Amino acid sequence: MEENCIFCKIIRGDFNTEFVLENDYAVVFNDINPAAPIHMLVVPKLHVESLNELDNEELLGKLMMTVREVTKKIGLNSYKTLINTGKDAGQEVFHLHIHIMGDKK
Ligand code: AMP
Ligand code: ZN
């Protein structure tokens, strides 16, 4: 948990963000500035700055399975996933997250 991290604050419940899904290791919520009709973020409960800092293979697998879990939950069969890593690639929030973007359910 990082004091000044917006996603850690969301996970802590500071903004009463509605979670589309929560499990033991991640939360999923809607992106505040959606780039597609359906745009969710899968965010690990553990604060890791980016993919470059992640040394936990098991967690990465669990996050991808969370993508499966949440898309199945909302009936989204077709979607894109994206991980921005580093400023130059467009990463704005330095707490690892997987974007899920889809057009229709
Ligand atoms: P990235 O550019 O990969 O770091 O993505 C950060 C994403 O987080 C952007 O798509 C933002 O719209 C989204 N975002 C930032 N703050 C919030 C928030 N408070 N609630 C939901 N999404 C957020
Ligand atoms: Zn964080």
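Every number in this text was worked out from the coordinates using simple rules, so none of it is lab data. All figures in this text were calculated on a predicted structure; none of them were measured in a lab. When we count neighbours, we look across all protein chains shown, and the Cβ atoms used for this are built from the backbone with ideal geometry, even at glycine.
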(request) Between Ser78 and Asn23, take the C-beta separation as r, use R0 = 35 Å, and let me know the FRET efficiency to the nearest 0.05. (result) 0.95
(request) Divide the volume of the convex hull of the Cα atoms of the chain by its number of residues and quote the answer in cubic angstrom per residue. (result) 99
(message) Helix-only estimate, please: 222 nm mean residue ellipticity of the chain, summing -39500 (n - 2.57) across DSSP H runs of length 4 or more and dividing by its residues, to the nearest 500.
(response) -7500 deg cm²/dmol
(request) Work through the residues other than Met64 whose Cβ is under 12 Å from its Cβ and net out their charges, Lys, Arg +1 and Asp, Glu -1. (result) -1
(request) Can you check what the net charge comes to around Val27, using other residues whose Cβ is under 11 Å from the Cβ of Val27 (Lys, Arg +1; Asp, Glu -1)? (result) -1
(request) Determine the sum of side-chain charges near Gly86: Lys and Arg each +1, Asp and Glu each -1, restricted to other residues whose C-beta is under 13 angstrom from that of Gly86. (result) -3
(request) Using per-residue counts of other Cβ atoms within 10 Å, averaged over each peptide, order 73-84, 26-37 from highest down. (result) 26-37, 73-84
(request) Name the aspartates and glutamates eligible as straight-distance cross-link partners of Lys104: C-alpha to C-alpha under 18 Å, and not fewer than 8 places from it in the same chain. (result) Asp31, Glu69
(request) Any lysines with Cα under 24 Å of the Lys45 Cα? List them, leaving off those in the same chain fewer than 8 positions away. (result) Lys9, Lys62, Lys72, Lys73, Lys80, Lys87
(request) Quick one: which residues, 5+ away or cross-chain, put their amide H under 5 Å from the amide H of Glu49? H built at 1.01 Å from N. (result) Leu96
